[in-house]
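Single-structure report; data block below.
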Amino acid sequence: MRILITNNTLGLRAGSELYVFDIALELKKRGHKVVAYSSTLGLVSDMLRNIGVPTIDELSQLTDTPDVIHAHHHMDAAAAGLHFPTVPVVQACHGWAPWQERPLALANVRQFVATSELTREYFVTSGVPSNRISIICNFVDPTRFKYFEPRPTPLRRALIIGNSWQRGSVVYQRIEEACRSQNISLDAFGLGMGSSVSSTEELYSQYGLVFGLGRCAIEGMAMGCAVVLADPNGLAGWVDDEQFDRYKLGNFGFGLLNQRDVTVDMLLSEIARINRPDVERVTQRVRSELDVRTAVNRWISLYESAIEEGPATTSAVIASASRYVIDLKKHFGKFEHLAHETENKISTISQAKDDLILQKKLLEHEKIILIDKFDRLFRNSSIRAKIRRIKRRYIYNLLLMVRSIKLPVASGYRKGLEAMIERQQLKMLND
């Protein structure tokens, strides 16, 4: 099968980019021909090329028509779906908040894949028929993320991981306080903190406790870590065996965060609940239920179902493309309004700047006039004489004031002072 995978970017090592990498790698292992497309290439596109998966940023570069399009993010997905209008599309949704995750309303989109119950609801409330929606949670490659021996208890090393973390966030600081009180050393990695790692499978093996969401949480659990679901927006809790199914339907993600005002006591309570037998059970469930090979089996089944449905008619694709453009106009209309307001503000600022420049020129002109007037006044001999007399009278009065102060000084000093007063008197008489 020839499969084209789209993503809004193949740049940094982030969630959907690494999802594409893992899917493409597993499909390639099975003999499928995979090409990855994004309008923005980068580090992950290099990683894909290194494993033999071609990447393109122009759809015209792909001269063989794919059998199916595995689509992420509606703008790049729409570009591919319209470039290959007879090719069926299977669209995935990784989040409900980013506008890039909006469902793609093209006639050749045959199946929709949600990664959680929340993203399924996003599809349903966006008009997607429920019988065309499947849920495939995030996954892990157990051959890469190998299980390590049980960590010692009590836990001594913890890890905060995820690109959304900021060291100054309240939740981060609360975790620091909680770990410090338990003598647990804490490290942190993520783009938001100015650090990242190229091999997370080697990283998790060094820690017993992980704070994170989504892919990071799944990888940590697969390697035997106790995982507390948290990010800068809040806290869900420790993933134990009892809560595993509920957290799994939430894709161990953002929608599960039910504690927004996180306290140190909340975190200490979750840490106190952790026990090794439960951690072991969760690890085994992740490795068996969230295996990338199982996920790819389901993806292939959806590809085949979409292909069997047959191509959409040209008229249907054109009509849906028209609706798509109208929908984009509605979505971006507010940005047009903001752009217009911004242009007006820029124009006002530009006019104010011009006015300030003019005022500066006028002030500089007035300055030149004043300097010229002062210079003419100073050149006037009578004015200079008046200034000189004022200066000498000031010095004379100053000397008299000094003489009036009865200080225990040597007679030579007193004589010198009297001589200065006499000289100043003579100068004043000569004026």
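Read-outs: derived from the displayed coordinates by stated rules, not from any lab. In this text the structure is predicted, and so the values were computed from the model without any measurement. Positions of Cβ are generated from backbone atoms using ideal geometry, with glycine treated the same way; all protein chains shown enter the neighbour counts.
Where is the GNM fluctuation largest for the chain (alpha-carbon springs, 10 angstrom cutoff): 89, 296, 325? Between 89, 296, 325, it is 325 that shows the largest mean-square fluctuation. Within the chain, antiparallel bridges make up roughly 15 percent of the DSSP beta bridges whose residues both belong there. If R0 equals 35 Å, the separation of the Cβ atoms of residue 124 and residue 167 corresponds to a calculated FRET efficiency of about 0.40. When both bridge partners sit in region 201-240, DSSP labels roughly 50% of those beta bridges antiparallel.
To the nearest ten degrees, helix 170-181 and the longest principal axis of the Cα atoms of the chain are 80 degrees apart. Largest GNM mean-square fluctuation across 297, 131, 233, computed for the chain with C-alpha springs under 10 Å, falls on 131. Near residue 46, once Lys and Arg are set to +1 and Asp and Glu to -1 for all other residues with Cβ below 15 Å from its Cβ, the sum equals 0. The modelled label-to-label distance between residue 314 and residue 430, using points 7 Å beyond Cα along the C-beta direction, is 11.0 nm. Gain on full extension, evaluated as 0.36 nm per residue between residue 144 and residue 185 minus their Cα-Cα distance, stands at 12.2 nm. Taking GluC sites (Glu not before Pro) as exposed when their DSSP state is a loop state and no more than 13 other Cβ atoms lie within 10 Å, the longest site-free interval of the chain runs over 59-241.
Relative to the longest principal axis of the Cα atoms of the chain, helix 381-404 runs at roughly 80 degrees. Using +1 at the C-beta of Lys and Arg and -1 at the C-beta of Asp and Glu, which of 140, 299, 212 has the Cα lying farthest in the positive direction of the dipole of the chain? So the residue furthest toward the plus end is 212. Take every DSSP beta bridge whose two residues both sit in region 98-201; close to 10 percent of them are antiparallel.
Which of 239, 264, 113 moves the most in a Gaussian network model of the chain with Cα springs under 10 Å? Checking each option, the largest mean-square fluctuation is seen for 264. Taking all Cα pairs closer than 8 Å and separated by 6 or more residues, the relative contact order of region 157-290 comes to 26 percent. For percent of Cα pairs over 38 Å apart, the candidate list reads [x] 32; [y] 46; [z] 19; the entry that matches the value derived from this model is [y].
At a Förster distance of 60 Å, what's the computed FRET efficiency of residue 365 paired with residue 199, Cβ-Cβ distance as r, to 0.05? That gives a FRET efficiency of 0.35.
Modelled spin labels at residue 243 and residue 259, positioned 7 Å past Cα toward Cβ, are 0.8 nm from each other. Counting trypsin sites (Lys or Arg not before Pro) as exposed when in a DSSP loop with at most 10 other beta carbons within 10 Å, what is the longest stretch of the chain free of them? Result, exposed sites excluded: 1-259.
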